[in-house]
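The values are calculated or read from the model by the stated rules, or taken from the named source; none is laboratory data. Source: prediction; values computed, not measured. All Cβ positions, even for glycine, are placed from backbone atoms using ideal geometry, and neighbour counts span all protein chains on display. For accessibility, only protein heavy atoms count, side chains too; no ligands or nucleic acids. Shrake-Rupley method; radii C 1.70, N 1.55, O 1.52, S 1.80 Å.
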Amino acid sequence: MAETIGFIGLGVMGKPMAGHLLKAGYSLVVHNRSRGASDELAAAGARAATTPAEVAKAATVVITMLPDTPDVERVLTGSDGVLSAIQKGAIVIDMSSISPVATERLAKLVAEKGASMLDAPVSGGEIGAINAALSIMVGGDEAAFARAKPILEKMGNAEKIIHIGKSGAGQVCKVCNQVAIGGALSGVSEAFALAKKAGVDAAKMRQALLGGFAASRVLEVHGERILKGNFKPGFKTKLFAKDLKIAAATLVEHQVAAPILAVAQQEISARMAAGAAEEDYSGMAKVVLELARLD
């Protein structure tokens, strides 16, 4: 395969994503803040790099999968960052969920180096990453997208890899995704609280709703988590809190009222205050259940 791929950020999502690329036969150079994940992939055939610049020097495509906007900015623009050594004609694919405004600014800096940048945030959580079944929403140049698509297809569902539009459009789409999930999770949480308070079997309520118009992935996946009280993280509360903060800023920027998002943001803030930052964000349901004196 002609492309050499650099992958920076080997966390819960990034490590399995990078692993799929390695299994697909790509030459892979990896970097992570802690060495454990890098060493694990190196043992499987990747090359471990000590800095983002070393990754960029070796790779024709650099993928970043990092927690927040400042992390992406530091990895790209720091003194030993990707932009200090990026090859002309290379593509940077940022698969993190970060600020659309920062994304547009970073894309211009990448372009000044003779390279292209795609913003390609994902949906599907840890399970989607492990199963190479992620939905991927992409902003940026169409030609760069066409070149990157075979790579993205190794990490996501080919039918759910969508070119949304110009630079930043992928991140705006991810904001829309998180707004929709936050609202749905708040509603599902209230449904469970009502069923329990009324003495109705919540499991049977969920089963009935899944057969009708109220069916959703949130009800299916997070509904099961709520029933079992299993909040082992697939996607951590602190990361969802970060995403909702980005969403709120983006909505304000575009003068869009978002009363439902405000409720979800307050619920996720309550979970953060309760010390649940490392738990799954579906634990938002516990806020509603506690208010109903059920938990």
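Just a few scattered comments:
- Selection count where residues are of a type outside the set (Ser, Thr, Tyr) and part of a helix (DSSP H, G or I), scope the range 100-124: 12
- One residue stands out in the range 30-55 among those that are of a type in the set (Val, Ile, Thr) and open to solvent by less than 30 Å² (accessible area, probe 1.4 Å): the one that is nearest to residue 128 (Cα to Cα), namely 30.
Matching residues to (1) among the hydrophobic types (A, V, I, L, M, F, W, C); (2) closer than 24 Å to residue 98 by Cβ; (3) surrounded by fewer than 17 Cβ atoms within 10 Å (Cβ to Cβ):
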{"position": "172", "(1), (2), (3)": "yes, yes, no"}
{"position": "182", "(1), (2), (3)": "no, yes, no"}
{"position": "185", "(1), (2), (3)": "yes, yes, no"}
{"position": "192", "(1), (2), (3)": "yes, no, no"}
{"position": "199", "(1), (2), (3)": "no, no, yes"}
{"position": "247", "(1), (2), (3)": "yes, yes, no"}
{"position": "260", "(1), (2), (3)": "yes, yes, yes"}
{"position": "265", "(1), (2), (3)": "no, yes, no"}
{"position": "268", "(1), (2), (3)": "yes, yes, no"}
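- Residue-level analysis places residue 216 outside the set of residues that are within 30 Å of residue 3 (Cα to Cα), surrounded by 15 or more Cβ atoms within 10 Å (Cβ to Cβ), among the hydroxyl-bearing types (Ser, Thr, Tyr) and within 20 Å of the chain's Cα centre (by Cα).
- Taking the range 175-203 as the range and being in contact with a Phe, Trp or Tyr (Cβ under 9 Å, 6 or more places away or on another chain) and within 25 Å of residue 254 (Cα to Cα) as the test, the residues that pass are 178, 181, 182, 185.
- Within the range 151-196, tally of residues that are over 19 Å from residue 222 (Cβ atoms) and not small (Gly, Ala, Ser): 17
- Flag if residue 231 is open to solvent by less than 70 Å² (accessible area, probe 1.4 Å), assigned to a helix (DSSP H, G or I) and among the aromatic types (Phe, Trp, Tyr): no
- Failed condition for residue 27, given (1) surrounded by 18 or more Cβ atoms within 10 Å (Cβ to Cβ); (2) within 30 Å of residue 245 (Cβ to Cβ): (2)
- Unique residue being without any contact (Cβ under 8 Å) to a residue 40 or more places away in the chain and over 28 Å from residue 264 (Cβ atoms) when the list is 143, 184: 143
- Out of 139, 168, sole residue that is crowded, with 17+ Cβ neighbours inside 10 Å and in contact with a Lys or Arg (Cβ under 7 Å, 6 or more places away or on another chain): 139
- Verdict on residue 4 being touching a residue at least 40 places away in the same chain (Cβ under 8 Å), within 20 Å of residue 102 (Cβ to Cβ) and of a type in the set (Ser, Thr, Tyr): no
- Test: residue 247 is more than 30 Å from residue 168 (Cβ to Cβ) and outside any loop (DSSP other than H, G, I, E, B): no
- Residue tally, condition part of a helix (DSSP H, G or I), buried (at least 17 other Cβ atoms within 10 Å of the Cβ) and hydrophobic (A, V, I, L, M, F, W, C), over the range 271-293: 5
One line per residue, one yes/no per condition, for (1) under 19 Å from residue 263 (Cβ atoms); (2) among the basic types (Lys, Arg):
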{"residue": "136", "(1), (2)": "no, no"}
{"residue": "145", "(1), (2)": "no, no"}
{"residue": "148", "(1), (2)": "no, no"}
{"residue": "156", "(1), (2)": "no, no"}
{"residue": "175", "(1), (2)": "yes, no"}
{"residue": "184", "(1), (2)": "yes, no"}
{"residue": "236", "(1), (2)": "no, yes"}
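- Condition check for residue 268: more than 19 Å from residue 229 (Cα to Cα) and outside any loop (DSSP other than H, G, I, E, B): no
- Scan of the range 201-220 for residues that are among the aliphatic types (A, V, I, L, M) and either in a helix (DSSP H, G or I) or at pLDDT below 95 (or both), ordered by number: 202, 203, 205, 208, 209, 210, 218, 219
- Flag if residue 223 is assigned to a loop (DSSP other than H, G, I, E, B), buried (at least 17 other Cβ atoms within 10 Å of the Cβ) and touching a residue at least 24 places away in the same chain (Cβ under 8 Å): no
- Every residue from the range 66-99 that is buried (at least 24 other Cβ atoms within 10 Å of the Cβ) and part of a helix (DSSP H, G or I): 72, 75, 76, 82
- Options 37, 42, 18, 56; residue that is outside any loop (DSSP other than H, G, I, E, B) and within 16 Å of residue 75 (Cα to Cα): 56
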